[in-house]
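Participant: First the structure, which I've put down as structure tokens, then a few questions once you've had a look.
Bear in mind that the values in this text are calculations on the coordinates, not laboratory data. Just so it is clear, the structure is predicted and the values come from calculations on it, not from any experiment. Cβ placement follows ideal geometry from the backbone for every residue including glycine, while neighbour counts extend to all protein chains displayed.
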Amino acid sequence: MHFTTKDLLQQFNTAWLPGNLQAAMLRLDRIHPLVQGNKWFKLQRNLEAAGSRPVVTFGGPWSNHLHATAAACKLLGLPVTGIVRGEAPAVPSQTLRDAAGLGMHILHVPRELYDALKKGDVTRAPLDLLPLLESACIIPEGGGNEAGAEGCEDILELGDFSPYTHVLCAVGTGTTLAGLINGAGKRGLRAEIWGISALKGAFSLDDEIRGLLKGEMVEWEVLHDYHEGGFAKVTPELITEMNDFFRQTCIPTDRVYTGKMVLAFRKLAAAGEFPPGSKILLIHTGGLQGNASLPQGSLHF
Ligand SMILES: *Cc1c(COP(=O)(O)O)cnc(C)c1O
């Protein structure tokens, strides 16, 4: 697969950024038109391990992971099944329509069965699904495993990030953050790595991330106060921020993760959380396809 690695780093300025701070966005949303953002990095080792086996993975109706897996498997010519949480709605989400269009076989299952299958418990799996589950390469929901974290170490190979004092990244499962921490440690970077949790009160994330670390060689922290009401919740302030940020920087963000990271960055900067002279690298983890779930006209980009 061909990915752009040049021109991914975009310095930006905004009216609210204090003059004594510098900021840049690592535009992983631009590495590939379909396989965007951190999801490619989480998938790469997992798909290498698949060989020529069919792939099975899991997600909700608006999952960026399902979308990216569908696209990556199409590019690699691998058959793929997406097991989707919950009964099929009358009108499928844009994400699932796209994924099906890319060749993913979509299988809706009730929540309880979904939770069991996700954990590898096939005792209640439909009989016709068993042969596939037994032969397939199973990638967990969100690509959240060790192979996923390892792939994310490569994000910090896209440039020379030694000048940065802080790295900010949105957090769902924490797999990407763990990869960034390991990658920074491996390269001897001095930046502190801050994760902005997109979930409300998901304090177990800290331990889950710790479980993926190869040694804590850089300082890191998950910030739990910037979820804007909870996972996938949207506030008027968030939408205003996303539009305002795009107007000032031409950088589009997504409603679930990167928009909240930018809003958190703005609030942290205003609160003086970055010492003067700090250079902050924000990781754009992609996810723009999910904005199709907003009412039309919400976003001006
Ligand atoms: C999935 C996703 C994340 C979260 O990544 P984790 O590795 O699960 O923490 C962040 N940003 C975007 C845009 C995503 O799609």
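Participant: Sort E153, E87 so that the residue with the fewest other Cβ atoms within 10 Å of its own Cβ comes first and the one with the most comes last. Don't skip to the answer; put the middle values down first.
Facilitator: Details: E153 21, E87 9.
Arranged by neighbour count, lowest to highest, E153, E87 become E87, E153.
Participant: While we're here: What nm value, rounded to one decimal, do you get for the distance between R190 and N20 when each label is placed 7 Å out toward the C-beta?
Facilitator: 1.8 nm
Participant: Something else: Cross-link list K74/K267; K74/K214; K186/K279; K74/K186: which exceed 30 angstrom alpha carbon to alpha carbon? Could you put the intermediate results ahead of the total?
Facilitator: On the way: K74/K267 40 Å; K74/K214 32 Å; K186/K279 20 Å; K74/K186 32 Å.
K74/K267; K74/K214; K74/K186, as the Cα separations exceed 30 Å there.
Participant: Based only on other Cβ atoms within 10 Å, what is the fewest-to-most ordering of T175, T81, T235, T253? Write out the running numbers ahead of the final one.
Facilitator: Details: T175 27, T81 20, T235 12, T253 31.
In increasing order of surrounding Cβ atoms, one gets T235, T81, T175, T253.
Participant: Another question about this same structure. Run down the aspartates and glutamates and flag those whose C-alpha is under 18 Å from the C-alpha of K118, throwing out any fewer than 8 positions away in its chain.
Facilitator: Those aspartates and glutamates meeting the cut-off are E87, D128, E134, E141, E146, E208.
Participant: Let me ask something else about it. With the Cα gyration tensor of the chain giving a ≥ b ≥ c as the square roots of its eigenvalues, does the rule (a/c under 1.5 for rounded; else a/b larger than b/c for prolate; else oblate) give rounded, prolate or oblate? Can you show the working numbers first?
Facilitator: Values: a/c = 1.82, a/b = 1.50, b/c = 1.21.
Cα axes put the chain in the prolate bin.
Participant: Shifting gears a bit: How big is the Kirkwood radius of the stretch 101-215, worked out from every pair of different alpha carbons and given in Å to one decimal?
Facilitator: On the way: mean 1/r = 0.0610 Å⁻¹.
Averaging 1/r across every pair of different Cα atoms and inverting gives 16.4 Å.
Participant: Can you list the DSSP H helices in the chain whose Cα atoms extend at least 15 Å along the helix axis and whose mean Kyte-Doolittle hydropathy is 0.0 or higher? Let's see the in-between values first.
Facilitator: Details: long enough: 37-50 (21 Å, -0.97); 64-76 (18 Å, 0.51); 175-187 (18 Å, 0.09); 236-249 (19 Å, -0.66); 258-270 (18 Å, 0.65).
TM-like helix candidates: 64-76, 175-187, 258-270.
Participant: Here's another thing I want to ask about it. What percentages, rounded to whole numbers, describe P(r) for the stretch 39-160 computed over all alpha carbon pairs with 10 Å bin width beginning at zero?
Facilitator: Pairs per bin, as whole percents: 14, 45, 33, 6, 1, 0.
Participant: Given points 7 Å out from each Cα along the Cα-Cβ axis, report the F301 to L9 separation in nanometres with one decimal.
Facilitator: Computed distance between label sites F301 and L9 equals 2.1 nm.
Participant: For M217, M25, what's the fewest-to-most ordering of other Cβ within 10 Å of each Cβ?
Facilitator: M217, M25
Participant: Moving on. Would you list which aspartates and glutamates come within 16 Å of K260, measuring only between C-alpha atoms, while excluding same-chain residues fewer than 8 positions from it?
Facilitator: Straight-line reach from K260, under 16 Å: D29, D225, E228, E237, E241, D244.
Participant: Using only helices, what value at 222 nm comes out for the chain when you add -39,500 (n - 2.57) per DSSP H run of length 4 or more and divide by the total residues, to the nearest 500 deg cm²/dmol?
Facilitator: Numbers: 10 runs with 105 residues, N = 301.
About -10500 deg cm²/dmol.
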